[in-house]
Amino acid sequence: MKKIEPISFKSPYPWVGHLPFAAWLMKEVKPKIFVELGTHYGNSYFMFCQTAQEESIDVKCYAVDTWQGEEHAGHYSEDVYDYVERHNQNNYKNFSKLLRMTFDEAVDEFENESIDILHIDGLHTYEAVKHDFETWLPKVKPSGIILFHDINVKRDDFGVWRLWEELKADYKFTLEFSHSNGLGVLQPSNIKTQDWLSENKKDQAELISFFERSGELFELRAKLNEKSQEVNEHIIDIYAYQERLRLKEAEIKAYIEDIYAYKDKLLKLQVENSHLDQLLIDARKMIATLESELKSTSIKSIIKKIFQIKK
């Protein structure tokens with residue numbers, strides 16, 4: 001079997017560590033109908049779809065979600081649905097359908113015992129996930145597989161772990177992963193139909209260990225992808241800052257050129273002002289001389305001197 005490399009996963013990443021198991025499960029079960037309750041950005045859903053497409057599995061896939069969010073996933077904008085719808089149309093529209101409605105509204109879209117794989121990943125309170133399980137259980141084939149995400153989250157009002165403890169006591173064939181918030185795997189029938197759902201704890205331990213190690217690599221890739229995006233954002237910020245700096249440098253250069261131009265004008269004005277000052281000094285000396293002579297000389301001699309000056 002070739003390794004499936006996901007072409008789409010986006011933050012948040014709690015499901016990313018289970019992508020190798022999702023791809024393997026789709027190949028192993030080869031479902032006719034796959035349904036996911038709670039899709040968000042589609043990290044899990046699109047892994048199932050991509051595997052079905054690359055392995056030429058004849059399956060109909062359905063993602064059920066309001067794409068409005070809830071208290072655990074958070075409430076988000078229409079951009080999330082737009083992304084999922086666009087990615088689905090561009091890649092899987094021939095066998096994948098988005099059902100934008102509540103889980104209770106969607107349940108009547110399916111016949112009893114028609115679903116091969118059901119993935120429950122909606123609101124994670126005990127009451128909500130128990131309701132989803134009990135409501136959808138009749139729609140799953142006895143030989144089918146039901147997945148529960150977040151069985152290892154015990155904070156706040158997360159209650160999937162409580163339901164999972166109850167289900168393990170009631171159902172014979174279960175499997176659980178503790179990484180990536182935990183994933184519970186359950187077969188409704190107590191008659192073994194999947195070889196890998198062994199009651200042998202050693203065999204289960206080997207399977208769990210393999211997919212936990214594989215999942216860790218995907219988690220690291222997701223974190224690296226997230227860091228790369230952060231670095232890219234910082235690089236974009238740096239380029240923007242450099243552009244602003246370049247514009248400021250151009251402004252400063254223009255200011256400096258203006259200062260030098262003003263300085264040249266000032267020097268010219270200072271030279272002209274110095275020349276005028278000298279002319280003013282000379283004029284004042286001449287006036288002082290004339291005033292002095294006027295006091296000591298008769299008007300006749302002054303007139304005579306004036307005429308002499310004109311000659």
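General remarks:
- Rolling a 1.4 Å probe over the protein heavy atoms gives the stretch 69-189 an accessible area of 46 Å² per residue.
- Averaging 1/r across all pairs of distinct Cα atoms in the stretch 30-71 and inverting the result yields a Kirkwood radius of 10.9 Å.
- Per-residue accessible area (protein heavy atoms, 1.4 Å probe) orders Ser292, Ser198 as Ser292, Ser198, starting from the largest.
- Solvent-accessible surface ranking, highest first, for His179, His131 at 1.4 angstrom: His131, His179
- Seen from Leu279, the other residues with C-beta closer than 13 Å to its C-beta sum to a net charge of -1, counting Lys and Arg as +1 and Asp and Glu as -1.
- The value of relative contact order for the stretch 119-174, using C-alpha pairs under 8 Å at least six residues apart, is 39 percent.
- Taking the square roots of five times each eigenvalue of the Cα gyration tensor of the stretch 66-215, the equivalent ellipsoid has semi-axes of 26, 19, 17 Å, listed largest first.
- For the stretch 27-144, carbon and sulfur atoms together expose 42% of the accessible surface, with a 1.4 angstrom probe and every protein chain in place.
- Taking Cβ atoms as reference points and 14 Å as the exclusive limit, the residues near Leu269 contribute a net charge of 0, counting Lys and Arg as +1 and Asp and Glu as -1.
- Inter-label distance, Glu78 to Asp170: 4.1 nm, where each label sits 7 Å from its Cα along the C-beta direction.
- Ranked by the mean number of other Cβ atoms within 10 Å of their residues, highest first, the peptides 95-105, 165-175 come out as 95-105, 165-175.
The values are calculated or read from the model by the stated rules, or taken from the named source; none is laboratory data. Since the model is a prediction, treat every value here as computed from it, not as a measurement. Note: ideal-geometry Cβ built from the backbone for every residue, glycine included; neighbour counts use all protein chains shown. The area values use the complete protein model at the heavy-atom level, side chains included, leaving out ligands, DNA and RNA. Shrake-Rupley method; radii C 1.70, N 1.55, O 1.52, S 1.80 Å.
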